[in-house]
Structure formats: C-alpha cells, structure tokens
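J.: Submitted below is the structure of interest, expressed as structure tokens.
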Amino acid sequence: MGLNVLILAGSRAGRVDPMAQAAGLSHKALLPVCGTPMISRVVTALKSVETIGRIAICIERPDVLDGVVPDDVTFIPPAAGPSASVMNALDTLGTPLLVTTADHALLQPGWVRSFVQAAQESGCDVAAAIAMEQSILRDVPGTKRTMIRLADGAFSGCNMFLFRTPAAAGVIRLWQKLEADRKHPLKMARILGPGILLRFVFRRLTRADVCRRIGRLSHARVALIPLADGRAAVDVDKPADLELVTHLLSTASAT
C-alpha cells in the first residue's frame with residue numbers, strides 16, 4: 001500500500017498571504033519559482049518517490065489549481081486550523097500519512113525517502129523532519145531560519161511530518177490543544193509542564209526529552225529525524241526566501 005500525502009496549501013483564517021497579494025495571486029502556493037508554481041514543484045518531487053500513493057491538497061479553492069497540478073491529485077477542504085485539517089486528512093486517508101507544505105519549493109525526493117526510512121527504522125508513531133544548525137550553515141550560509149536551541153544542538157523544522165500509525169492521532173489532539181492556546185502562553189505552559197519549560201530556559205532540554213514529554217502527553221512514540229541536507233529547512237515565508245530558493249534552483253540547473 002502506498003504512502004498517502006497531504007500538502008497544506010490553504011490561507012490561514014481565509015486571509016490572503018502578503019507575498020501572494022503582492023504578486024496578484026490568490027495563494028502563496030501559486031508563486032512561481034524559476035517559472036514553475038511552488039506547489040507544482042512539491043507535487044513533482046513527491047511523485048518521484050516510488051512509495052507515494054494518493055496525494056491530497058488542503059486548500060479552500062481547488063479551482064485555483066486547475067492546470068497547475070495533475071488530475072489525479074485530490075482535495076480536502078481546510079478545517080479551523082492546520083491541526084484540524086491534518087486530523088481530517090488522517091480520518092480520510094488513514095496512516096501512514098506524510099504531511100508537507102506547498103511552500104516547500106526545494107523539496108527533493110531523496111529527502112522524503114531518507115526521512116520515511118529513518119522514521120520506519122525508529123519504530124515511532126509520529127516523526128518530524130529537522131535540520132541541524134551546522135547543516136543549515138554549511139548548505140545555505142547566510143539564510144535566517146527559526147532555530148530551536150536545545151542542550152544537544154540547535155535545529156530548524158523542515159515542514160515534513162510522518163504520521164505512521166493510528167496512535168499518531170494523539171499527537172494531533174495535543175497539537176490542537178496547543179494551537180487553541182497559542183495566544184495564551186501560560187495555558188500552553190501548563191499543558192507542557194513547568195519542568196520541561198525550565199529545562200528549556202536553562203538549556204538543559206534535549207531532543208530526547210522533547211520526544212519523551214510529547215509522547216507521554218499524547219500516548220504516542222515521537223521522533224525528531226535530522227536530515228543531512230540543510231536546504232531541507234528552507235521554505236518560502238518571506239521575499240528573501242523566494243530569492244534564495246530561486247538562486248539555489250537556478251544554480252543547480254546551470255551545473
């Protein structure tokens with residue numbers, strides 16, 4: 001059975017993304033990178049992975065993707081937030097489910113293969129792809145990424161998640177609680193617990209600590225999977241990111 005995929009491509013709370021608005025487009029997913037819409041690059045990369053089965057896109061208006069994505073791609077309407085949308089997709093597509101975003105313009109089939117294989121070997125229920133700071137500095141020097149600094153190194157997320165087993169639903173339910181309280185840090189702190197927050201503040205928290213705590217709260221086995229290529233941490237959130245991915249892809253095509 002193939003590995004189903006969800007691509008998150010909607011606009012948060014129905015708002016038009018500023019980059020899309022500046023380009024006169026309805027969605028950031030349609031922004032062209034070297035002449036190709038970002039979401040087309042994501043779908044092409046995924047279709048090059050032999051184990052990929054059904055690809056679904058979460059977006060409010062599927063019609064904006066007419067002629068942009070293949071006809072065999074299906075659509076799932078967005079819910080109240082990203083976590084609810086992923087839960088809906090899990091109910092529809094089942095597990096294992098790979099989740100990524102439409103602005104992951106540099107996505108490579110090799111990254112997907114190595115991530116999925118490492119997650120399977122770990123025996124986890126849920127895995128998140130990360131890139132360590134040293135890999136990012138080596139492969140995309142000068143880029144500014146959001147870093148999570150822990151006792152065993154700093155890393156950035158790679159917008160790629162694998163929900164391997166039905167137990168993964170517990171992690172999504174925890175995500176929904178945190179997402180609902182995102183404007184109330186004290187409530188989020190109570191959910192995570194003071195111990196883990198104190199260890200984070202004093203730089204004593206490790207990746208294993210994070211996985212264990214999330215696992216206890218969600219009743220699932222959680223893994224953070226470092227990817228070898230630092231470019232995997234680059235998504236298109238701002239104009240500088242668009243310039244960067246355009247440069248990287250242009251340079252790669254010229255060699």
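J.: Counting only residues that are part of a helix (DSSP H, G or I), of a type in the set (A, V, I, L, M, F, W, C) and closer than 18 Å to R164 by Cα, which one in the range 203-222 is least open to solvent (accessible area, probe 1.4 Å)?
T.: The selected residue is C211.
J.: Would you mind telling me which numbered condition in (1) touching a Lys or Arg at 6+ places or on another chain (Cβ under 8 Å); (2) more than 23 Å from Q108 (Cβ to Cβ) G2 fails?
T.: Answer for G2: the failing condition is (2).
J.: Now for a separate question. Quick one: would you say D91 is surrounded by fewer than 18 Cβ atoms within 10 Å (Cβ to Cβ), charged (D, E, K, R) and in contact (Cβ under 8 Å) with a residue 60 or more places away in the chain?
T.: In short, no.
J.: So, in the range 9-41, exactly how many residues are open to solvent by 40 Å² or more (accessible area, probe 1.4 Å) and either aliphatic (A, V, I, L, M) or closer than 22 Å to A252 by Cα (or both)?
T.: Summing the residues that are open to solvent by 40 Å² or more (accessible area, probe 1.4 Å) and either aliphatic (A, V, I, L, M) or closer than 22 Å to A252 by Cα (or both) in the range 9-41 gives 10.
J.: Please find, among T165, T206, the residue that is in contact (Cβ under 8 Å) with a residue 60 or more places away in the chain, out of contact with any helix residue (DSSP H, G or I) (no Cβ under 7 Å at 6 or more places or on another chain) and more than 28 Å from A20 (Cβ to Cβ). Outline the logic, then answer.
T.: Details: T206 fails: in contact (Cβ under 8 Å) with a residue 60 or more places away in the chain.
Result: T165 is the single residue among T165, T206 that is in contact (Cβ under 8 Å) with a residue 60 or more places away in the chain, out of contact with any helix residue (DSSP H, G or I) (no Cβ under 7 Å at 6 or more places or on another chain) and more than 28 Å from A20 (Cβ to Cβ).
J.: Here's another thing I want to ask about it. If I225 passes every condition in (1) outside any helix (DSSP H, G or I); (2) open to solvent by 40 Å² or more (accessible area, probe 1.4 Å) but one, which one does it miss?
T.: For I225, the exception is condition (2).
J.: Let me ask you something else. What's the number of the condition A80 fails, among (1) free of Cβ contacts under 8 Å to residues at least 12 places away in the same chain; (2) among the hydrophobic types (A, V, I, L, M, F, W, C); (3) in contact with a strand residue (DSSP E or B) (Cβ under 6 Å, 6 or more places away or on another chain)?
T.: (3)
J.: Further, regarding this structure: Here are the criteria: (1) more than 13 Å from the chain's Cα centre (by Cα); (2) in a loop (DSSP other than H, G, I, E, B); (3) at pLDDT 95 or above. Tell me which single one H104 does not satisfy.
T.: (1)
J.: Let me ask something additional. From T44, T143, T74, which residue is surrounded by fewer than 19 Cβ atoms within 10 Å (Cβ to Cβ) and modelled with pLDDT under 95? Don't jump to the end; show me each part of the working.
T.: Values: T44 fails: modelled with pLDDT under 95; T74 fails: modelled with pLDDT under 95.
Answer to the check: T143.
J.: Residues being part of a loop (DSSP other than H, G, I, E, B) and either closer than 18 Å to T92 by Cβ or among the β-branched types (V, I, T) (or both): count how many of those fall in the range 21-75. Steps first, answer last, please.
T.: From the range 21-75, those part of a loop (DSSP other than H, G, I, E, B) are 23-27, 31, 34-35, 48-51, 59-61, 66-73; that's our starting set.
With the extra rule that they be either closer than 18 Å to T92 by Cβ or among the β-branched types (V, I, T) (or both), the set shrinks to 49, 51, 59-60, 68-69, 72-73.
Total meeting the criteria: 8.
J.: Among A128, A84, which is open to solvent by 10 Å² or more (accessible area, probe 1.4 Å), modelled with pLDDT under 95 and not in a loop (DSSP other than H, G, I, E, B)?
T.: Criteria check complete, one pass: A84.
The values are calculated or read from the model by the stated rules, or taken from the named source; none is laboratory data. Predicted, not measured: the structure shown is a model, and the values here were computed from it. Ideal geometry is used to build each Cβ from the backbone, glycine not excepted, and the neighbour counts take in all protein chains shown. Quick note on the areas: whole protein, heavy atoms, side chains included, nothing else; ligands and nucleic acids left out. Shrake-Rupley method; radii C 1.70, N 1.55, O 1.52, S 1.80 Å.
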